[in-house]
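Q: I have a structure here, written as C-alpha cells, and I will follow up with some questions on it.
The values are calculated or read from the model by the stated rules, or taken from the named source; none is laboratory data. Bear in mind that the values here come from a model prediction, so they are computed numbers and not experimental data. We place every Cβ from the backbone using ideal geometry, glycine too, and count neighbours over all the protein chains shown. Heads up: the accessible areas ignore ligands, DNA and RNA and are worked out on the full protein's heavy atoms, side chains in. Shrake-Rupley method; radii C 1.70, N 1.55, O 1.52, S 1.80 Å.
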Amino acid sequence: QVQLVESGGGLVQPGGSLRLSCEASGIIFSIYTMGWYRQVPGKQRELVARITSGGNTVYGDSVKGRFTVSRDNTKNTVYLQMNSLKPEDTAVYYCYAYKPITAYWGQGTQVTVSS
C-alpha cells in the first residue's frame, strides 16, 4: 500500500519560514519524481516544486528564490523549505510521487501565513 505522509504545516507570520516533509512508503522512492502542489479553495491545484530522481528541480514562478525542494533517498523523504513566506502562500500543500502512468498523492497539510 502506497502512503505519502506530509508534516510540518502550520501557522507562520509573513516573512517567516516553514519546512514541509513528506515520507513515502510502498514505492521505490528513488525512481520517482517527487514534488509539491498547493491549492486554495476555488482555484486549481498549482505546482510549487518538483525534483526528479536525478535531482533536477523545477519551481513555480511564484516561489522561485524563496522555496527549495530536496530529497533524501535514504529516508524516502522529500522536503520543501519555504522562506520569506507571504500571505498568498496560504494553501493546502500536497506531496506527490510520479513516474510515467503512475501518480500518488498525500492527504495534504495546511500552511497559513498570517499576522
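Q: Tell me, please, whether a residue that is closer than 14 Å to L4 by Cβ, among the charged types (D, E, K, R) and at pLDDT 95 or above can be found in segment 79-90.
A: No: zero hits.
Q: In the set G60, G65, which member is open to solvent by 60 Å² or more (accessible area, probe 1.4 Å), farther than 20 Å from L4 by Cα and of a type in the set (G, A, S)?
A: Going through G60, G65 in turn, just one is open to solvent by 60 Å² or more (accessible area, probe 1.4 Å), farther than 20 Å from L4 by Cα and of a type in the set (G, A, S): G65.
Q: Determine, yes or no, whether G54 is assigned to a loop (DSSP other than H, G, I, E, B), within 27 Å of Q1 (Cα to Cα), of a type outside the set (K, R) and open to solvent by 50 Å² or more (accessible area, probe 1.4 Å).
A: For G54, the condition - assigned to a loop (DSSP other than H, G, I, E, B), within 27 Å of Q1 (Cα to Cα), of a type outside the set (K, R) and open to solvent by 50 Å² or more (accessible area, probe 1.4 Å) - is met.
Q: Under 6 Å between Cβ atoms, at least 6 apart or on separate chains: pull out the pairs that start in segment 100-115 with a residue that is of a type in the set (S, T, Y) and end on any residue that is assigned to a strand (DSSP E or B) and surrounded by 15 or more Cβ atoms within 10 Å (Cβ to Cβ).
A: From residues that are of a type in the set (S, T, Y), the pairs are Y104/L4; Y104/A97; T109/E6; T109/Y93.
Q: Look at T74 and say whether it is in a strand (DSSP E or B), at pLDDT 95 or above and of a type in the set (S, T, N, Q).
A: Criteria not met by T74.
Q: Same structure again: Checking S21 against (1) part of a strand (DSSP E or B); (2) more than 25 Å from V2 (Cβ to Cβ); (3) among the hydroxyl-bearing types (S, T, Y); (4) touching a residue at least 40 places away in the same chain (Cβ under 8 Å), which test does it fail?
A: Answer for S21: the failing condition is (2).
Q: Across segment 90-99, what is the total count of residues that are open to solvent by 10 Å² or more (accessible area, probe 1.4 Å) and part of a strand (DSSP E or B)?
A: Residues that pass the stated criteria total 5.
Q: Considering only residues of segment 73-89 that are over 20 Å from F29 (Cα atoms) and among the hydrophobic types (A, V, I, L, M, F, W, C), which is surrounded by the fewest Cβ atoms within 10 Å (Cβ to Cβ)?
A: Applying the filter and picking the extreme gives L85.
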